[in-house]
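Working notes for the structure below.
What follows draws every value from the coordinates through simple rules; no lab data is involved. Source: prediction; values computed, not measured. Neighbour counts run over all protein chains shown; Cβ positions are idealised from the backbone, glycine included.
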Amino acid sequence: MKVGFVGLGIMGKPMAKNLLKAGHELTVFDIVAEAVGEVSAAGATAAASAADAAAGSEVVITMLPDGPEVEAALLGAAGVLEGAAPGTIVVDMSSISPIVAQRVGRACAAQGVQFLDAPVSGGEPKAIDGTLAIMVGGSQAVFEKVAPLFEVLGSSHTLTGPVGAGNVTKLANQIMVACNIAAMGEALVLATKAGLDPEVVFNAVKGGLAGSTVLNAKAPMAIAGNFKPGFRIRLHQKDLRNALLAAESMKVSLPLTSTVQQILMALMNEGRGDLDHSAIVTFIEDMASCQIKKAV
Ligand code: NAD
């Protein structure tokens, strides 16, 4: 397929390279020229703007930080909609507010452009391996047209409802991950303060009901005191903010999510926004004056 790709950061760069390797023709754009240079060196055509990346493309993929960047790159000056012909499919794979996704979807539809919101889970390692979990909102027919690209990028792609549903699913994912890390932090701080070895406690519980993918990935990081990202605190704070805004619009209370959101904001103010989200545990450690990190 002829694919325009906008947003070549931690996630977008390996995703674009995987599409190239699978034989798709890519025209790429990012506001950072070095990123465009790197993906062009791997075989893509460099575009001068998002509109330029969209011109002549059957599908345009965007992978940007949050809603404001997605609205600028799609709807702004020299944006995708200036270059896209009617019938083009735009797939936004960024994690953004479902409300913004729906607004962007309506703007695309007004120009005869089809739209899917398709955020991902898995982070940089799975972006590199092409094994992301892709959560999609939009119509079945458009979903099927884009499926060959999703097959390259991910190990699963699931249509969860109309436009916006992909991001609602992603927010649900982010709520479960954040609350899970916070609960793990409380549990391991309590055990450590009681004089137990956190690693022994982790090994004792991981095969039981409290075991989880989050626990297996994040407990070893907390025990090692290694908070190298990974998925940054500031991106998770953005996701929970979007979850709370969406929840407010639907009059849904999310008390646990709002507590963890406050913790994430405090950590950003402490200068920890670029640490891995497993560093949520450091907030609980500070309150107890007790580090989970094992003395070696
Ligand atoms: P990133 O900050 O590394 O990359 C974003 C890229 O977008 C940057 O290269 C930036 O220059 C570019 N950009 C910003 N505004 C632009 C514009 N107007 N036009 C063109 N390019 C523009 O972010 P990332 O880690 O790649 O994340 C992208 C999205 O994927 C986010 O929504 C994030 O929440 C989500 N996500 C990230 C991870 C992860 O582990 N990093 C995992 C799952 C989902």
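Each peptide in 22-35, 157-170 receives the mean, over its residues, of other Cβ atoms within 10 Å, and ordering these scores from highest gives 157-170, 22-35.
Quick one: among F202, F143, F115, which has the greatest mean-square fluctuation in a GNM of the chain with alpha-carbon springs under 10 angstrom? Greatest mean-square fluctuation among the candidates belongs to F202. When each of the peptides 248-257, 94-103 is scored by the mean number of other C-beta atoms lying within 10 Å of its residues, the order from highest to lowest reads 94-103, 248-257. In this Cβ point-charge picture (+1 for Lys and Arg, -1 for Asp and Glu), region 168-288 has a dipole of about 360 debye about its Cα centre.
First check a/c for region 2-162, with a ≥ b ≥ c the square roots of the eigenvalues of its C-alpha gyration tensor; if it is under 1.5, answer rounded, and if not, answer prolate when a/b is larger than b/c or oblate otherwise. Taking the square roots of the gyration eigenvalues as a ≥ b ≥ c, region 2-162 is rounded. Quick one: grab the alpha carbon gyration tensor of region 1-88, order the square roots of its eigenvalues as a ≥ b ≥ c, and give me rounded if a/c is under 1.5, else prolate or oblate depending on whether a/b is larger than b/c. Oblate is the answer for region 1-88, as a/c is 1.5 or above yet b/c matches or exceeds a/b. Which of rounded, prolate or oblate describes region 157-296 when judged by the alpha-carbon gyration tensor and an a/c cut-off of 1.5? Taking the square roots of the gyration eigenvalues as a ≥ b ≥ c, region 157-296 is prolate.
Report, to the nearest 10°, how far helix 213-224 tilts away from the longest principal axis of the Cα atoms in the chain, using its own Cα long axis and a range of 0 to 90°. Value to nearest ten degrees: 60. When region 168-288 is described by a simple charge dipole with +1 on each Lys and Arg Cβ and -1 on each Asp and Glu Cβ, the residue from M176, V189, G208 located farthest towards its positive end is M176. When M221, M1, M176, M135 are arranged by Cβ crowding within 10 Å, least crowded first, meaning fewest neighbours, the order is M176, M1, M221, M135.
Comparing A194, A182, A44 in a Gaussian network model of the chain, where Cα atoms under 10 Å apart are tied by springs, the biggest mean-square fluctuation is seen for A194. With respect to the chain, whose longest principal axis is taken over its alpha-carbon atoms, helix 12-21 is tilted by about 60°.
Taking every alpha-carbon pair under 8 Å whose residues sit at least 6 apart, the chain reaches a relative contact order of 14 percent. Diffusion coefficient (Stokes-Einstein, Kirkwood radius over C-alpha pairs, 20 °C, 1.002 mPa s) for the chain: 107 µm²/s, rounded to a whole number. DSSP finds beta bridges in region 2-162, and of those with both partners inside it, around 10 percent are antiparallel.
Secondary-structure-derived ellipticity at 222 nm for the chain, considering helices only, amounts to -16500 deg cm²/dmol, per-run term -39500 (n - 2.57) for DSSP H runs with n ≥ 4.
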